[in-house]
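Below is one structure, written out as structure tokens; comments come after it.
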Amino acid sequence: SDEPMLFMTKDGGYKQYVLIRERPLDEPFHFTKKAMNASMGPEEAADVVISEILADTNIRNVSVTENIPARIDGNSGFRLAFVYTDVDGFIFKTVYYGFIKGEAFYNIRYGATQEDYFQNDLKTFEGVLNSFKLAAAK
């Protein structure tokens, strides 16, 4: 898809990455074909994301370990944590923040292969998350 996206990694995407995306609310998700809308609360938005993760045929053994409210740049959103195995057998631990604002859904995701890399770069990710600001529309 062509929505704005930023992908960052230090040691390669198979070790750890941060992904920031903005997607139009009316754009359906790939696997579930579900879409979001501006009247959804954070819990409903989180449910859409979880459904999509569980339906993703590229990953397996998904386990959602956290689903809690969160604030991102002053916006009400959610924080998910989950673990999955990718097609190559790598086990990824992921923290996923999301919120709806205006006509878009924003998400900031940090993924890393199990404990070693995950713990090493978690603080760096939290710095990225805490510095995240939506630019004012021109």
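Within the stretch 22-41, how many residues turn out to be part of a strand (DSSP E or B) and open to solvent by 40 Å² or more (accessible area, probe 1.4 Å)? Please lay out each step first, then the result.
We begin by selecting, within the stretch 22-41, every residue part of a strand (DSSP E or B); these are 22-24.
From what is left, the residues that are open to solvent by 40 Å² or more (accessible area, probe 1.4 Å) are 22, 24.
Adding up the residues that qualify gives 2.
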Total residues in the stretch 103-116, condition open to solvent by 50 Å² or more (accessible area, probe 1.4 Å), closer than 24 Å to Leu25 by Cβ and either of a type in the set (S, T, N, Q) or outside any strand (DSSP E or B) (or both): 1
Conditions (1) aromatic (Phe, Trp, Tyr); (2) crowded, with 19+ Cβ neighbours inside 10 Å; (3) under 23 Å from Asn130 (Cα atoms): number failed by Phe7: (2)
Every pair of residues 6+ apart whose Cβ atoms lie under 7 Å, when the first sits in the stretch 96-125 and is farther than 17 Å from Phe78 by Cβ while the second is part of a helix (DSSP H, G or I) and open to solvent by less than 60 Å² (accessible area, probe 1.4 Å): Ala112/Phe118; Ala112/Asp121
Single condition Asp86 does not satisfy, out of (1) at pLDDT 95 or above; (2) touching a strand residue (DSSP E or B) at 6+ places or on another chain (Cβ under 8 Å); (3) more than 20 Å from Ser131 (Cα to Cα); (4) open to solvent by less than 50 Å² (accessible area, probe 1.4 Å): (1)
Failed item in (1) part of a helix (DSSP H, G or I); (2) in contact with a Pro (Cβ under 9 Å, 6 or more places away or on another chain), with Phe125 passing the rest: (2)
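Do we find that Phe78 is part of a strand (DSSP E or B) and modelled with pLDDT of 95 or more in this structure? It would help to see each step written out before you state the result.
Values: part of a strand (DSSP E or B): yes; modelled with pLDDT of 95 or more: yes.
Yes: the conditions hold for Phe78.
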Options Asn67, Asn61; residue that is in a strand (DSSP E or B), on the phi > 0 side of the Ramachandran plot, surrounded by fewer than 19 Cβ atoms within 10 Å (Cβ to Cβ) and in contact with a strand residue (DSSP E or B) (Cβ under 8 Å, 6 or more places away or on another chain): Asn61
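In the stretch 37-69, how many residues are farther than 22 Å from Asp26 by Cα and in contact with a helix residue (DSSP H, G or I) (Cβ under 8 Å, 6 or more places away or on another chain)?
Restricting attention to the stretch 37-69, the residues satisfying the condition of being farther than 22 Å from Asp26 by Cα are 57-69.
Subset that is in contact with a helix residue (DSSP H, G or I) (Cβ under 8 Å, 6 or more places away or on another chain): 59, 62, 64, 67, 69.
The number of residues fulfilling the criteria is 5.
The values are calculated or read from the model by the stated rules, or taken from the named source; none is laboratory data. If you're wondering where the values come from, they're calculated on a predicted model, not measured in any experiment. Note: ideal-geometry Cβ built from the backbone for every residue, glycine included; neighbour counts use all protein chains shown. With ligands, DNA and RNA removed, areas are computed over all heavy atoms of the protein, side chains included. Shrake-Rupley method; radii C 1.70, N 1.55, O 1.52, S 1.80 Å.
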